[in-house]
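S.K.: Below you will find the structure I want to go over with you.
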Amino acid sequence: MSQDRQEKMRQLKLKAKRKELAGQLTCLSPSVTYDSFLSVDETITLSKTLYQLLSTLPVTRQLGKGHDEAYQALVQVNSQLGKVSDEHVVLLHLQDRDSGAVVIKVSDYLEHLQMLMDFAGFFIGRRDFVLVHPELDFGICIERFEYHNNLVVWGL
């Protein structure tokens, strides 16, 4: 198969995956479209930079493994997000290595937290919950570990 044909196939798969995911998220915000995603390369770079940053930041709060405790911890942090509610943030999710991370408004996150935690794969134990400013100026992360979770919040 030629290089051009392989690239075209890759782009078609990416487009189909993004359309599928955007369709799942349109109930959150009609503004989520195919163009609401970072590129896969940008996602990988952001993720690497993010986890390097997280290793230098203090843990805001250690959590148990329960979903309710994680959800309640995020609800408490949400009061700090009011001043940035018009900002756009990046949400890492289960399929971000195939489609790119999705960019949403903080106000949409505040309104649909539980659904976004599910979409990200946090509730099924397959993904950290990561919501960050594209430049990492601020962020919220619940990093999963074997016996506990760490909540890290910065820049708010």
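The values are calculated or read from the model by the stated rules, or taken from the named source; none is laboratory data. None of the values given here were measured: they were computed from a predicted structure. Note: ideal-geometry Cβ built from the backbone for every residue, glycine included; neighbour counts use all protein chains shown. All accessible areas refer to the heavy atoms of the entire protein, side chains included, with ligands and DNA or RNA removed. Shrake-Rupley method; radii C 1.70, N 1.55, O 1.52, S 1.80 Å.
For (1) under 30 Å from Ala16 (Cα atoms); (2) touching a Ser or Thr at 6+ places or on another chain (Cβ under 7 Å); (3) polar (S, T, N, Q), each residue gets a yes or a no:
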| site | (1), (2), (3) |
| --- | --- |
| Phe37 | yes, yes, no |
| Leu54 | no, no, no |
| Thr60 | no, no, yes |
| Gly82 | no, no, no |
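S.K.: Would you confirm whether any residue within segment 61-80 is under 17 Å from Trp154 (Cβ atoms), under 14 Å from the mean Cα position of the chain (by Cα) and not in a helix (DSSP H, G or I)?
M.R.: No - not one qualifying residue is present in segment 61-80.
S.K.: Identify, please: which residue in segment 1-16 is open to solvent by 90 Å² or more (accessible area, probe 1.4 Å) and hydrophobic (A, V, I, L, M, F, W, C) and is, among those, farthest from the chain's Cα centre (by Cα)?
M.R.: Met1
S.K.: Checking Val89 against (1) at pLDDT 90 or above; (2) in a helix (DSSP H, G or I); (3) hydrophobic (A, V, I, L, M, F, W, C), which test does it fail?
M.R.: (2)
S.K.: Filter segment 118-128 down to the residues that are within 10 Å of the chain's Cα centre (by Cα) and not hydrophobic (A, V, I, L, M, F, W, C), then identify the one that is surrounded by the fewest Cβ atoms within 10 Å (Cβ to Cβ).
M.R.: Per the stated criteria, the residue is Gly121.
S.K.: Which of the residues belonging to segment 17-60 are of a type in the set (Gly, Ala, Ser), part of a helix (DSSP H, G or I) and more than 16 Å from the chain's Cα centre (by Cα)?
M.R.: Passing the criteria: only Gly23.
S.K.: Also, quick follow-up: I need a count of the residues in segment 96-117 that are assigned to a helix (DSSP H, G or I), closer than 24 Å to Asp41 by Cα and open to solvent by 20 Å² or more (accessible area, probe 1.4 Å).
M.R.: Going through segment 96-117 one residue at a time, the tally reaches 2.
S.K.: Among the residues of segment 43-85 satisfying the criterion of being open to solvent by 40 Å² or more (accessible area, probe 1.4 Å) and in contact with a strand residue (DSSP E or B) (Cβ under 7 Å, 6 or more places away or on another chain), which is nearest to Leu110 (Cα to Cα)?
M.R.: Taking the candidates together, the pick is Glu69.
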